[in-house]
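Every number in this text was worked out from the coordinates using simple rules, so none of it is lab data. Please read all numbers here as calculations on a predicted model, not as lab measurements. Virtual Cβ from ideal backbone geometry, glycine too; neighbours counted across all protein chains shown.
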Amino acid sequence: MDNLIMLAFSAFIIENIILSQFLGICPFLGVSTKRSSALGMGMAVIFVMLISSSVTWLLYKYVLEAFDITYMRTIVFILVIASLVQMVETFLKKVSPPLYKALGIYLPLITTNCAVLGVAILNISKEHNFLEMLVYTTFIGLGFLFVMYIFSMLREKLDFAPVPKAFKGAPIALVIAAILAIIFSRFGGII
Amino acid sequence: MNKGLISGLVLLTIGIVCGLLLAVVNYFTAPKIQEVEDAIKYEALAEFYTLADYDLSEVEGSGDFGTIYILKAKTTEGLDAFVYTVNAEGYSGVIEMLIAVNENLEVDGYKVVKQTETPGYGDKIVGHDFNVEIATDLSGFEGVAGASLYSTPAVLEIFQLVADRVEADFGGGLSE
Amino acid sequence: MNNKENFFKGIIKENPLFVSLLGMCPSLAVTTSLENAIGMTLGVFFVLVLSNFIISLIMSNSKLADLVKPVRIPVYIVVIATLVTIVEMVMHAYLPSLYFSLGVFIPLIVVNCIILGRAEAFASSNKPLDSVIDGVGMALGYGLAIMTISIFREFLGNGTLTVWGDLQVNLTFIFDFLKIEPIAMFVQPVGAFLTFGLILATITAIANNHKNKLAKKVANNG
C-alpha cells in the first residue's frame, strides 16, 4: 500500500509527465490558452490513457510476451491507440452526446499525443503489475490535467501582461513552464 | 469486391510485410542485444574480480534476487565470493544492483546495472559513487545512505536483503 | 521549386522545430548533452528520409494510391512504426549507451509530429526523389535545432561538450576562470524550457528585425 501511495505521488508531482518527463508538450502549449479547453484536453487524455494503457498492458503480457514477439511493441501499441481513439469517439457520440461535445474535439489530437504512447511504454519498461499500472496511469493523467490547468490560468492572465514583442506566444510560455518546473522539481526532496 | 474491404486487405498486407521485416531484423539483432546485456553484467563483475582467477557459475535466485554468481577461487589463497543480483523498488521503478560479497563477509563492490529513472533527471544514481570505502563490511550498510536523494531507500533495502542471507549462503546452502 | 530550395526550406524557412514548433517533446528531453542530440538526429534522419521515400513510392503509383487513400493514416503509422522499431533494435545492439540514455524517446519517434506531418503534407503528393530531399532537409533542420539547444545546455550545465563517446571537449576552465561552478540547473528540466524559450525569443527578435528592414527598404524604394 505504501508503495502505491509513493508511486501515485511521484507520478503526480515529482515525475510530472509534462514538467519532468517532457511528454505531451504539444497540447501543453497548444491547447492551454483557455481554462475550459485545458480541462477538456486533460480529461480526454486521462480517459484515453487509462483505456489504452490497460489494453496495451494486457496485450503485451498475454500476446506479445507469450508469442515472444515483443519487438512488435511499438507498432501494436500505436495501432491500438489510434483505433481506440476512433472507437471512443464513435462510442461517445452515440452514448453520451454532452460528453462528446465536451471532449470530442480533443480526441483526434490525442492520437499523436506522445503522452499516451509514452505512458503505455513506460508502464511496460518499468515492469508495473496491473494494479500499479492503473495507479501510475491515473496519477500521471491527473498530473497532466493539474499542470495544464495551472498553466492555462497563468496564460489567461498573460493576455493582459506587457510582454516584450519577441517573447509573445511560445517563448514566454516556455519561460513560465521553466518556472513551474523549478517549483515541481523541488518536491523531489519529500521522498 | 467493395472498396473498403480491399483497402483493409492492403493495410493488412502492409502490416504483414512490416512484421516480417521486423522479424528478420530482430533475428539479426537479438543475439547481439543479448550479448550487450550480458556484457553490461559481466563488465560489472570484472570490476570487482579478475574473472580469470575464478570459476564462475550462476544460480537463479527467487523473490527479489535475480541471478546469483558464484565465484570459486582457482588458487587456494583467493577468497570465494558471491555476486548477488538484487532488485528493489526505487522511487520510480525497479533498481537492479550487483553486490559482491566475499567469504569474510565483506562487500567487495557494488554497481547499479539497471534503473528506470527519467533521462537526465534520475541518472544520478548511475553516475554516483556510492562511497565504496565506507561500505566494505556488512555492519556498515548504512554507510551508503548518502547515495542519491531519491533512490537511497531502495539501495538500503538491497543491502539489507543481501545482509540477511549472505551468511546462510556461505554456510553451504548455495555453494552447490 | 528547385531541389536547392526544397532542401534548404527545412533548415531555415520551415525549420520544423524553431518555426513550426513540431517535435517539441524529444527536443526538450534529449538535449541534456550534445551526444544525445546527435543520436536523436541520426534516428530521426533515418526514419524521416526512409518514411518519406516509401510513402511517396506508394502514393505515386496511382493504382496503389487509390486503394491506400481511405486507410492512408494507418498505413503511414505502420510504415513509420516499423522504421522506428528497426532504429530501436539496431541502436540497442550496436550503440547500447546511446540506447539507454535516449530511453523511451526512441519508440516515441513514432508520434513525432514532424514525421507524420511530412508524410501527409509532402511525401503523399510528391515524387520519391523530391520527398527524399525534403526529408533530408527537414531532418537536418531538426537536428541542427536540437544540437543548438543541447550545446547551450551541456556547456552551461556541465561545462563540457560531448560529441560522441570519448570525444569530449572540456570547457570547465572557462568556469574556473570566472570562479563559478557550472549551472547544473541547465541539464535539469528547468533548463530545457528556459533555453528553448530564450532561443525562440532570440529567433523571433532577429526575424522581426529582418522584416522591419525589408519593410523600410520597400518604403524607401517606393
**Asked** For region A:91-99, in order, what is each residue's ³J(HN,Hα) by Karplus, 6.51 cos²θ - 1.76 cosθ + 1.60 with θ = phi - 60°, in whole Hz (x at glycine and Pro)?
**Response** 4, 4, 4, 6, 7, 9, x, x, 5
**Asked** Once region A:82-177 is represented by equal point scatterers at the alpha-carbon sites, with solvent omitted, what log10 I(q)/I(0) does the Debye formula produce at q = 0.21, 0.23, 0.24, 0.25 Å⁻¹?
**Response** -1.12, -1.16, -1.19, -1.21
**Request:** Rank B:39, C:206, B:85 by how far each Cα sits towards the positive end of the charge dipole of the protein assembly as shown (+1 on Lys, Arg Cβ; -1 on Asp, Glu Cβ) and give me just the farthest.
**Result:** C:206
**Item:** Bins of 5 Å, starting at 0 and running to the largest distance - Cα pair percent for region C:161-222
**Value:** 3, 14, 10, 14, 16, 12, 9, 7, 7, 6, 3, 0
**Prompt:** In whole angstrom, how far apart do the alpha carbon centroids of region A:16-79 and region C:1-49 sit?
**Reply:** 24
**Message:** Taking the Cα centre as origin and putting +1 on Lys and Arg beta-carbons and -1 on Asp and Glu beta-carbons, what dipole magnitude results for region B:1-48, to the nearest 20 debye?
**Reply:** 500
**Out-of-range pairs (alpha-carbon distance over 18 Å; input A:34/A:165; C:63/C:127; B:74/B:111; A:34/A:157)** = A:34/A:165; B:74/B:111
**Message:** Give the lysines whose C-alpha is closer than 29 Å to that of residue C:179, dropping any in the same chain fewer than 8 places away, or say none.
**Reply:** B:124
**Asked** Rounded, prolate or oblate: which fits region C:3-216, taking a ≥ b ≥ c as square roots of the Cα gyration tensor eigenvalues, rounded meaning a/c under 1.5, else prolate when a/b beats b/c?
**Response** oblate
**Request:** Would you tell me the mean number of C-beta atoms belonging to other protein chains that fall within 10 Å of each C-beta in C:148-157, as a whole number?
**Result:** 0
**Asked** For chain A, rounded, prolate or oblate, judged on the Cα gyration tensor with a ≥ b ≥ c (square roots of eigenvalues), a/c < 1.5 rounded, else prolate if a/b > b/c?
**Response** oblate
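With an 8 Å Cα cut-off and a minimum separation of 6 or more residues, compute the relative contact order for chain C in percent. Let's see the in-between values first.
Numbers: 275 pairs, mean separation 69.3, N = 222.
In percent, rounded to a whole number, it is 31.
Find how much the distance from residue B:55 to residue B:40 grows on full extension, using 0.36 nm per residue of separation minus their present alpha carbon separation; answer in nm with one decimal. Walk me through the numbers on the way to the answer.
Details: separation 15, 0.36 × 15 = 5.40 nm, distance 1.91 nm.
Length difference between fully extended and current span is 3.5 nm.
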**Request:** Please work out the ratio of the alpha-carbon Rg of the protein assembly as shown to 2.2 N^0.38 Å and round it to two decimals.
**Result:** 1.04
**Asked** Can you list the trypsin sites (Lys or Arg not before Pro) in region B:1-82 that are in a DSSP coil and have 15 or fewer other beta carbons within 10 angstrom?
**Response** B:74
**Asked** What average count of beta carbons from other chains do you get within 10 Å of the Cβ of residues in C:70-78?
**Response** 6
**Message:** Between C:145, C:119, C:184, where does the largest GNM mean-square fluctuation fall for chain C, given springs only between Cα atoms within less than 10 Å?
**Reply:** C:184
**Asked** How much length, in nm to one decimal, is gained on full extension between residue C:180 and residue C:53, taken as 0.36 nm per residue of separation minus their Cα-Cα distance?
**Response** 40.8 nm
**Fill in**
Out of C:185, C:59, C:138, a Gaussian network model of chain C with alpha-carbon springs under 10 Å gives the largest mean-square fluctuation to C:185
**Message:** Suppose every Lys and Arg Cβ carries +1 and every Asp and Glu Cβ carries -1, with no other charges. What dipole size does chain C come out with about its Cα centre, to the nearest 20 debye?
**Reply:** 920
**Message:** Report the Cα-based extents of region A:1-60 along its three principal axes, largest first, to the nearest Å.
**Reply:** 37, 27, 19
**Prompt:** Gaussian network model of chain C, Cα springs within a sub-10 Å range: biggest mean-square fluctuation belongs to which of C:108, C:64, C:28?
**Reply:** C:64
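How large is Rg/Rh for region B:1-48, to two decimals, with Cα atoms and a Kirkwood Rh? Present the calculation step by step, with values, prior to reporting the outcome.
Values: Rg = 20.2 Å, Rh = 13.7 Å.
Rg/Rh: 1.47.
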**Magnitude of the charge dipole, region B:23-82, Cβ model with Lys/Arg +1 and Asp/Glu -1, debye to 20** = 160
**Request:** Report the one residue of A:45, A:12, A:105 whose Cα lies farthest in the direction of the positive end of the charge dipole of region A:1-113 (charges on C-beta: Lys and Arg +1, Asp and Glu -1; origin at the Cα centre).
**Result:** A:105
